[in-house]
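Every number here is computed from the coordinates shown, using simple stated rules; none is lab data. What you are looking at is a predicted structure, and each value in this text was computed from that prediction instead of being measured. Here the Cβ positions follow ideal geometry from the backbone for every residue, glycine too, while neighbour counts run over all protein chains shown.
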Amino acid sequence: MKLTLLTATLVAAIGLITPAKAENPEHLNLLLTTKRCPANCDLRNANLENANLSVVQLENADLRGAKLTNANLFGANLRNANLEGAALGGANLRSADLRRANLKEANLENASLAGTDFRSAVLSNTNLRGANLQGADLREANLRGADLFGTDVKGVNFVNATMPDGTVKPVGSGRQCDRIEAGSGLSSDGVFVRVGCNGI
């Protein structure tokens with residue numbers, strides 16, 4: 001009797017587990033053949049590792065949980081895209097447009113992000129360790145809880161951005177930043193780091 005109840009409970013529990021939603025196959029095929037996707041493009045959990053997606057048009061796309069490790073997204077249009085939890089380690093996003101994009105909890109470790117436009121983007125709890133952010137625009141971006149340890153931030157514009165420690169860099173507080181210093185911002189593994197900016 002106990003075994004029957006245990007079996008019934010396990011079957012019921014397994015039935016309640018919902019599998020992760022996958023990408024729309026038509027959208028994925030269109031993206032890979034034309035570098036375009038329809039409005040509200042659904043690429044959730046898509047495997048796009050090492051894909052060449054330079055100058056791709058993915059404005060408003062749903063890329064939650066997508067695997068984009070080492071992908072080439074040079075000059076991509078990802079405005080308003082949802083990249084929450086996406087794997088972008090080692091990806092090339094140089095000169096990409098990520099204005100108002102959601103990159104919460106995304107992995108951008110060692111990514112190439114020089115000259116990228118992150119204005120008003122959400123980068124909270126994002127892994128940016130070792131990334132190259134030279135000359136990126138992070139005005140009004142939310143970096144609360146982001147891990148910037150070892151990140152190259154030379155010439156980055158942090159005006160009105162929410163920093164990893166929750167403070168906001170107001171206008172005139174030092175727009176151009178060039179290093180990570182020991183100090184006050186908390187990284188994901190508990191190491192405190194602070195973005196040191198010229199003029200502070």
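When 167, 116, 34, 151 are arranged by Cβ crowding within 10 Å, least crowded first, meaning fewest neighbours, the order is 34, 167, 151, 116.
Starting at the first residue of the stretch 43-60, write each ³J(HN,Hα) from the Karplus equation 6.51 cos²θ - 1.76 cosθ + 1.60 with θ = phi - 60°, in whole Hz, x for Gly and Pro. Values, residue by residue: 10, 4, 6, 5, 9, 10, 4, 6, 6, 8, 10, 4, 6, 5, 9, 10, 4, 6 Hz.
From least to most packed, judged by other beta carbons within 10 angstrom and beginning with the fewest, 156, 55 follow the order 55, 156.
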